[in-house]
Amino acid sequence: MGTKKTALSIEVLEKMSAGERRKYLDGRLKELIAYAYKKAPAIKARFDKAGISPTAVSGIKDLEKLPILRKDELIDLYKNNPPLAGLVTVPLEDLERVYVSPGPIYDPHHQSESFWQRHVQLVRAMGFGKRDVVINTWAYHLVPAGHMFDEALRRAGVTVIPMGVGNTELQVQVMHHLKVTGFFGSTGFFMNIITKAEEMGFDIRKDFNLRLVCIGGEMGGGPIRKLVEEKYGIVTRDAYGTADVGMVAYECSEKNGMHIAENVIVEIINPETGEPIGKDENGEVVITPIDEIYPLIRFGTGDLAGWIEERCPCGRTSLRMTRLLGRVGDAVRTRGMFIHPRQLEPAFARFPEISKCQAVVTRPGHRDELTLRVELKVDEGVDKEKLSQQLSQVVSDAVRIKVDRVEFVARGTIPEGHKLIVDQRVY
Ligand SMILES: [Zn+2]
């Protein structure tokens, strides 16, 4: 697809203006779509079914015309059209590896140069490089994660130890013996290793060389990251991606939101209308990787995020998204904003005098109202007025819309195992 002619170096990409980047991505998208339409029958079928000619997409602004490819649909495509669902642009025997993701979905090993350029950029921008020795604990069998990070790290000059998951005691020994400086894996598994190391009598700060860990894969990991940084002096990074399209966004040293990696197009849409979200809204992340081997055009993730408008002080000019706010299905849309239990949980947890709290969305007239119902641990000695104000403020900041009222209810009113947000609107 002529990637050699049109691909730019990362140094150029990271600093280009918003307008230049848009023009560059528009061009690459046009090439990708023309190529995918010719080489991937399932992509052609999707365009034809929607009645859209591939030449009708002149850039990112036209993506909206195309249907979103959902995970369920991906599973059906693989089931109905084996072996590769008509989604891969090369024959099976030209693939270096095939992964088996739940579904089963047979994700091809990514072989396009722009895919690897994106991933090498991502690990370098997070701060990993030549001096690092990293244990990679993502799975090396079935799913793509282990090999994907392994290859990206090696290409970035890092020495990789392919540990995979499990073998906690051995992980500790390897970390100690090989003076490991970095870790890739889930937050939960990282904490298992740290706990095991302490049980084995190690002092994390003194006996290990760990300096930087990429512990993604879980939402709401904030308190654990804080602990890792403060107690053990280890810097943490988060990154975002999916098994099918690979990594999409990363945190730089500023740790304020996630940069969209180069060579990938991210849209955030209102899942109810399909339109792009506005400045103060959030919505579903839809991904189009510039990947000529596996061109999943408009892959709907079901993940919820918003945009960050301000330029990042690190100097990279790429668009930035918030860390994940949750899954679209669990969220309740209120006055244009999706409110997710994951946003409410840490806000509620800041008030030890509260035993249970629940957000309730109602619509008495033509406007959604957000009420917080609160059960206190004890009634005595609590300044309800002050607590209402503080709680409203903290929750409003977390969900980015104003809380209308706080109601104190008798203990036992909110059931055990309650949802953190309920939709009681009647239309
Ligand atoms: Zn930055």
HN-Hα couplings for segment 128-139 via Karplus (6.51, -1.76, 1.60; θ = phi - 60°), in whole Hz with x for Gly/Pro, come out as 8, x, 3, 7, 8, 10, 10, 8, 9, 9, 6, 5
Descending semi-axes in whole angstrom, ellipsoid equivalent of segment 118-271, from the Cα gyration tensor: 25, 17, 15
What is the dipole size for the chain, taken about its Cα centre, with +1 at each Lys and Arg Cβ and -1 at each Asp and Glu Cβ, in debye to the nearest 20? 760 debye
How are the alpha carbon pair distances in segment 10-87 distributed across 5 Å bins from zero to the largest one, expressed in percent? 3, 14, 20, 21, 15, 12, 9, 4, 1
Relative to the compact-globule scaling 2.2 N^0.38 Å, provide the ratio for the alpha-carbon radius of gyration of segment 6-52. 1.47
Two-site label geometry, residue 409 and residue 353: point separation in nm, points 7 Å out along Cα→Cβ: 2.0 nm
Between 155, 311, 342, where does the largest GNM mean-square fluctuation fall for the chain, given springs only between Cα atoms within less than 10 Å? 311
Starting from the alpha-carbon convex hull of the chain, give the projected area averaged over all orientations, in nm². 23.9 nm²
Set of aspartates and glutamates near residue 402 by C-alpha distance (under 16 Å), chain-local residues within fewer than 8 positions excluded: 280, 281, 368, 369
Please give the direction-averaged projected area of the C-alpha convex hull for segment 277-347, in square nanometres with one decimal. 6.4 nm²
Let's test this: bin the Cα-Cα distances of segment 178-264 at 10 Å from zero up to the farthest pair and state each bin's percent. 16, 49, 27, 9, 1
Hey, fewest Cβ within 10 Å first, where do 153, 178, 29 land in order? 178, 29, 153
In this model, which of 15/71; 38/61; 44/65; 39/65 are farther than 25 Å apart at the alpha-carbon? 15/71
Dipole of segment 1-81, Cα-centred, from +1 at each Lys and Arg C-beta and -1 at each Asp and Glu C-beta, to the nearest 20 debye? 180 debye
Picking from 200, 337, 258, which is most flexible by a Gaussian network model of the chain using Cα springs under 10 Å? 200
Please compute the Kirkwood hydrodynamic radius over segment 1-135, one decimal place, Å, based on all pairs of different Cα atoms. 17.1 Å
Nearest 500 deg cm²/dmol is fine: what mean residue ellipticity at 222 nm does the chain get from its DSSP H runs of n ≥ 4 alone, each adding -39,500 (n - 2.57), divided by its residue count? -10000 deg cm²/dmol
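Only the coordinates and a few stated rules stand behind these numbers; no lab work does. No experiment lies behind these values; they were computed from the predicted model shown. Neighbour counts run over all protein chains shown; Cβ positions are idealised from the backbone, glycine included.
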